[in-house]
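The values are calculated or read from the model by the stated rules, or taken from the named source; none is laboratory data. Values in this document were obtained by computation on a predicted structure and should not be read as measured data. Quick reminder, even Gly has a Cβ in these numbers, built from the backbone with ideal geometry, and neighbours come from all protein chains shown.
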């Protein structure tokens, strides 16, 4: 399974060259709040935002995380616009162009659907399968894991609290992908076991973490067992208060700044880039993208 962890990156200025859009500071990327979300197009996810300026075209699929349906259809529509590059959620941009480790996972999943884990069953996997089949260059939009570990530690967040937030980030993904139905499902504990082990292995500075540790953390944070928590999948809502939501907002902001910088860098090389990311990311990046490329045309 490819880690979907968000990573910390400092704001950066990027440019598409003298003939392209002006230099735009990624500090224009906004933190995700209810107010920022309300600035997004009043369209039900998924939808497509089309940007164009000075010969550069950006097709942004604002996805609803899913394993089929309208999100997959929106991706197929976007591919009909003949992009020459793809950026997807879920793995680091530092892996470079069309990393073979990702392409191999995609090919294996195409040959044997049982090889498709949560990530490949979702919309990034669908977009990557199209790219690999069509020999389209692709990049991940994420920063690298060690950066967020160091940066959040420097901000004073304890590793155990960061790990708890990462677990909460995985819970909706697992449910959408069918790994479990809800927190009463007999499979839920197994999902927590596997996810906790993955988080511990991926943490760069050493971390002891397990399902049992997470269970205790969840009850301390929210005053209820994760197995009895009716809001277990909504605990990171940006409007919520508390440490978990605070850490999540910090991670999301720096992640979105890195994603924006990656988009602009790839677009500078590939003048028609397709981006497939959850719709909340477009909401936070909308001001920065409009400054660089003008207002988008929104299509369903």
Of 236, 267, which residue is more than 30 Å from residue 137 (Cα to Cα) and either touching a residue at least 12 places away in the same chain (Cβ under 8 Å) or not in a helix (DSSP H, G or I) (or both)? 236
Identify the single condition in (1) surrounded by fewer than 17 Cβ atoms within 10 Å (Cβ to Cβ); (2) at pLDDT 95 or above; (3) closer than 30 Å to residue 60 by Cα that residue 189 does not satisfy, given that it satisfies every other one. (3)
One residue from 132, 162 being touching a residue at least 24 places away in the same chain (Cβ under 8 Å), assigned to a helix (DSSP H, G or I), assigned by TED's automatic domain parsing to the domain that holds residue 213 and buried (at least 17 other Cβ atoms within 10 Å of the Cβ): 162
Which of the residues that make up the stretch 34-63 are modelled with pLDDT under 85, more than 15 Å from residue 277 (Cβ to Cβ) and assigned to a loop (DSSP other than H, G, I, E, B)? 42
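Filtering the stretch 72-94 down to residues that are outside any strand (DSSP E or B) and in contact with a strand residue (DSSP E or B) (Cβ under 6 Å, 6 or more places away or on another chain), which residue is nearest to residue 47 (Cα to Cα)? Before you say what the answer is, go through the steps one by one.
As a first pass, look at the stretch 72-94 and keep what is outside any strand (DSSP E or B): 72-84, 93-94.
Add one more test, that the residue is in contact with a strand residue (DSSP E or B) (Cβ under 6 Å, 6 or more places away or on another chain), and what stays is 74-75, 78, 81, 83-84, 93.
Working: 74: 7, 75: 9, 78: 10, 81: 14, 83: 17, 84: 20, 93: 24 Å.
Here the answer is 74.
Out of everything in the stretch 35-60 that is closer than 16 Å to residue 256 by Cβ and touching a residue at least 12 places away in the same chain (Cβ under 8 Å), what residue ends up being surrounded by the fewest Cβ atoms within 10 Å (Cβ to Cβ)?
At the first step, the residues of the stretch 35-60 found to be closer than 16 Å to residue 256 by Cβ are 35-37, 39-40, 49, 58, 60.
Filter once more, keeping what is touching a residue at least 12 places away in the same chain (Cβ under 8 Å): 36-37, 39-40, 49, 58, 60.
Numbers: 36: 17, 37: 15, 39: 13, 40: 18, 49: 25, 58: 26, 60: 27.
Once the filter is applied, the top-ranked residue is 39.
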